[in-house]
Each structure stands twice: as C-alpha cells, then as structure tokens.
Amino acid sequence: MQQIITVVRGFHGAFVLVPEPGSDFPEPAWGDAFFYYAPDGRIPRNQQPYATVVTKDQPDDSASVLDPPHRWRVNIHVDRATFRELTGEDPRSLGRERDHAAADQVMPHPVYGALGWVSVVNPGERTRNTVIRLLHEAHHAARARFERRHAGGRPPGGD
C-alpha cells in the first residue's frame, strides 16, 4: 500500500490525502488514501478522487473482505474502453459474478463498477504494473479535467 501512495505522490500536481486517527475526517476514512490532481496542494472542492486505497470493510462495501490484517484494495476510475479491456464487460451492464475478495486481480469495483471504477485487492506480481499504469492514466485524466475547468485563466498554484 505504501508503494502505491509513494508512486502517486511522485506524479506532478498530485495531492494525496491520508486521514489519520483523531483527525477532522470521519473515522471510516482513517488510514485510507485519496488521490487528487491538485497543483495548489489543497483538497479540491466538489471533486471526487480519481483513485483511492481502502483498508477496511464498510457497511455497504464488504465484498472484498478487507478487515483481516494486511488486506487492502486500490480503486481507480478508468474510461469505458479501459474498463472493457480489463474486465470484459461494459460498466453499464455488469452481469458476471466475481469473487471480489480474490487478491491480485483487476475487476470491477464491488460497489462502483457501474460508474467505471476498477479495483484490485492486494496488488501483487500479476497486477502491480497494470495498477501503476492505471493510476498514471487516471491522474492524467484528472489533470485534463482540471485544465478544461480552468481554461482561459491561470490554474491555482500555476505550473
């Protein structure tokens, strides 16, 4: 998990939020990581992260069985073509049953797959390079969205 966080922190304009216990963030987020494109170094308002790392089950998201020690999941928003390439399905018409607790496999996110999110529990030898590539692509897409929103004016933080 730390390797993923370190890689994303190396992306130009990346902002990585890792809420600590006792912080102002909700307790369910403590220990997780949220990845944004934010060249000004501040949490973007009204914007979802382009990827996350989660370390525990949530009431509405427990299919990956993340509560046992040393289990975590990386979640990445991808475009439709990439989603189809990785999963063999269109995000809007998911139908195949999957073992979302299986480690080191790219699959639709157990809750947000229909919105174009993929996930990998404990990325390992089989998926590590794919995960890094997907994180880079998601960061690039987030940067492009940011630049479109700020077209015509200098983006906060400048480049």
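The values are calculated or read from the model by the stated rules, or taken from the named source; none is laboratory data. Everything quoted here is computed from the prediction, not taken from an experiment. Reconstructed Cβ throughout: ideal geometry from the backbone, glycine too, with neighbour counts over all protein chains shown.
Among the residues of segment 151-158, is there at least one that is surrounded by 15 or more Cβ atoms within 10 Å (Cβ to Cβ) and either small (Gly, Ala, Ser) or out of contact with any helix residue (DSSP H, G or I) (no Cβ under 7 Å at 6 or more places or on another chain) (or both)? Walk me through how you get there before you give the answer.
Going residue by residue through segment 151-158, those that are surrounded by 15 or more Cβ atoms within 10 Å (Cβ to Cβ) are 155.
Then keep just the ones that are either small (Gly, Ala, Ser) or out of contact with any helix residue (DSSP H, G or I) (no Cβ under 7 Å at 6 or more places or on another chain) (or both); that gives none.
No - not one qualifying residue is present in segment 151-158.
Can you pull out every residue in segment 92-114 that is assigned to a helix (DSSP H, G or I) and either under 29 Å from residue 10 (Cα atoms) or at pLDDT 95 or above (or both)?
113, 114, listed by residue number.
Considering every residue within segment 41-64, establish whether at least one is on the phi > 0 side of the Ramachandran plot and touching a Gly at 6+ places or on another chain (Cβ under 9 Å). Give the steps one after another, and end with the answer.
Of the residues in segment 41-64, the ones on the phi > 0 side of the Ramachandran plot are 41, 46.
Then keep just the ones that are touching a Gly at 6+ places or on another chain (Cβ under 9 Å); that gives 41.
Scanning segment 41-64 turns up at least one residue that is on the phi > 0 side of the Ramachandran plot and touching a Gly at 6+ places or on another chain (Cβ under 9 Å).
Given the condition in a helix (DSSP H, G or I) and among the hydrophobic types (A, V, I, L, M, F, W, C), answer yes or no: does some residue in segment 115-128 qualify?
Within segment 115-128 (the criterion being in a helix (DSSP H, G or I) and among the hydrophobic types (A, V, I, L, M, F, W, C)), the answer is yes, since at least one residue qualifies.
For the condition surrounded by fewer than 18 Cβ atoms within 10 Å (Cβ to Cβ) and not basic (Lys, Arg), what is the one hit in 44, 91, 110?
On the way: 91 fails: surrounded by fewer than 18 Cβ atoms within 10 Å (Cβ to Cβ); 110 fails: surrounded by fewer than 18 Cβ atoms within 10 Å (Cβ to Cβ).
When all the criteria are applied, what remains is 44.
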